[in-house]
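The structure appears right after this line, and notes come after that.
Computed from the coordinates by the stated procedures, all read-outs in this text should not be read as laboratory data. Just so you know, these numbers come straight off a predicted model, no measurement behind them. Note that we place each Cβ from the backbone using ideal geometry, even for glycine, and neighbour counts take in every protein chain shown.
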Ligand SMILES: Cc1cc2nc3c(=O)[nH]c(=O)nc-3n(C[C@H](O)[C@H](O)[C@H](O)COP(=O)(O)OP(=O)(O)OC[C@H]3O[C@@H](n4cnc5c(N)ncnc54)[C@H](O)[C@@H]3O)c2cc1C
C-alpha cells in the first residue's frame, strides 16, 4: 500500500511537471492510452499531460468500504481490485476502459443507477490538478464549488488525480430475468413500477436496464445478486448477450458471474460490434477473444472515421454519406414512452438501450441539472443515418425533442447547441464563476469549445 501511495505521489509529480512544461499557447490534453469520447476533435500536436503514474488503485479500505483510486484508473482495473474483496463501485459503467475520472467528469451511468445514481455521487473527496496548476482536495466540505461543478466539466476545470469513492458489498453471481413487452408504454410503466418499489414481483432488484428492438419488441432486464452456486452462461465467446434476451413472450431467466454481469455489454460494445462483422458466426469463430471488447471496436471506429471508409462505401453504392448519431439522453420517465414513440418513427436506429436513473442524494450538480427525486431514463442509441439537409440535421432534431420533453443530453459526443442554449442547459453562470476561480488564465479549454466546437 505504501508502494502504491508513493507510486501515486510520483505520478502526480510527473503530471504537474508536464503541465508546467506545456506551452501556454497549446490546448492542454491528457495523454491517455484509451478514450471513450466520440466527438471528432481538432488535430492537436501537443504531447499531452503525462498520466502514466495515475492508472492504478491506491488503497482499498474493506471495512469502511471505500477505495482511493488514481484518476485515470480504468473500471476494468478498479473492478478487478474490488471484486476479489467482495466489493464493487456503486456504479460500474459498461465499458471496461472508461476511467473513474472520465466517468465522474463525463457522467457515466449503468444498471445500478436507479438505486445508486451517478458515479460522481459516490465520490467522497478528490484531488484535482486545477487549471491554475495547483493540486487541491475537493469534497462537500472543502472547495465545494469545484466538487459540485466537476461532473460534466470534461476536464475543463481541472483533472482528478485521486478519488476516494464508496464501494458496496456484492455477491458472486447475478440471476437475470428478462421480461418481454409488446409496447413501449407497457415497458416504461413496468420500469417505473420497479423504480417505485425497488422490486419485481416482490423480490428486490439490484440491476435494472432494458432494450427496445422495435415498437412491439422490448425487454426489461432485471438482475439480482445471489450467492447460490449453479451453472452460468458465457457471452464472451460465441454467444451474444443482447441476442440472448430476445424471446416471443413472457419471461426468461439466466445467470452470470458478477464479473461477467458487470461486463456483459463490453464484449460486443452493446451491439455495435455488428458493424465490424464480429457477430457473424463464421467471423466470430476466428475473431480472437482478446479483441472481443469495446476498446478494440473503438479503435476500429476511429480508423473508420479518420479515413471515412463508411462514406466511401456508401458513395460507391450510389448512396449519400452518413450522419453519426452516437448519443445518450436523459428523459423524465413520464415522457420516456413519448420520446421512444417519436424516436422510432423519426430516427431509423435500433436497438435502443434504456437505463433508468434517479440521483442518489438531494444535492444539485450545476453543470448537469437533473432534478433530485425525479425518475429519468437514459436512452442510448449509437449508429448512423443518411445525412440530412444541413450539418447534423438529425442530431439537432434529437436535441430539440429532448429539450421539449425537459430532458438532458450527455456531452461525450457531437452537440450542436447555440451558446445561449448551452449556457441555459449546462449551468453557464455557475460554470463561468468556477472556471474563473480554478482556471483564471484559461489554460484549459472552455466547455462549449470542447463539447460543441470540437476543440
Ligand atoms: C458509444 C459510447 C457508449 C457509452 N456508453 C457508456 C455507458 O454505457 N456507460 C457509461 O457510463 N458511459 C458511457 N459512455 C460515456 C463515457 O462514460 C464518457 O464518455 C466518459 O467521459 C469516458 O471516460 P474516459 O475515461 O474514457 O475518458 P476520455 O474519453 O479519455 O475523456 C473524456 C473527457 O473526460 C476528460 N477526462 C478524462 N479523465 C479525466 C480526469 N481524471 N479528470 C478530469 N477530466 C478527465 C477528458 O479531458 C475528456 O474531455 C459512452 C460513450 C460512448 C462513446
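Label-to-label distance, residue 185 versus residue 247, with points set 7 angstrom from Cα along the beta-carbon direction: 2.6 nm. Taking 7 Å steps out from each Cα toward its Cβ at residue 280 and residue 304 produces label points 1.4 nm apart.
With the Cα gyration tensor of segment 343-455 giving a ≥ b ≥ c as the square roots of its eigenvalues, does the rule (a/c under 1.5 for rounded; else a/b larger than b/c for prolate; else oblate) give rounded, prolate or oblate? Because a/c hits 1.5 or more and a/b fails to exceed b/c, segment 343-455 counts as oblate. Length gained on full extension, residue 201 to residue 418: 73.5 nm, using 0.36 nm per residue less the C-alpha separation. The simple spin-label model puts a point 7 Å past each Cα toward its Cβ; for residue 290 and residue 26 those points are separated by 3.2 nm. Extension gain, residue 406-residue 362: 0.36 nm per intervening residue step, less the Cα-Cα distance, totals 13.9 nm. Put in order of Cβ neighbour count within 10 Å, fewest first, the listed residues 437, 324 become 437, 324. Based on the Cβ-Cβ distance of residue 385 and residue 61, what FRET efficiency does E = 1/(1 + (r/R0)^6) give at R0 = 41 Å, to the nearest 0.05? With a Förster radius of 41 Å, E is 0.30. When the helices of the chain are scored as -39500 (n - 2.57) per DSSP H run of n ≥ 4 and the total is divided over every residue, the value at 222 nm lands at -9000 deg cm²/dmol. The stretch between residue 10 and residue 441 holds 152.5 nm of extra length on full extension. This uses 0.36 nm per residue minus the Cα-Cα distance.
Using the Cβ-Cβ distance between residue 3 and residue 234 with R0 set to 41 Å, the FRET efficiency works out to roughly 0.70. Annotation for segment 80-150 versus segment 364-392: alpha-carbon center distance of 20 Å. What separates the Cα centres of segment 218-281 and segment 409-455 is a distance of 37 Å. Cβ crowding within 10 Å, taken as a proxy for footprinting-reagent exposure, orders 135, 128 from fewest neighbours to most as 135, 128. When 221, 84 are sorted by how many other C-beta atoms sit within 10 angstrom of their C-beta, beginning with the fewest, the order is 84, 221.
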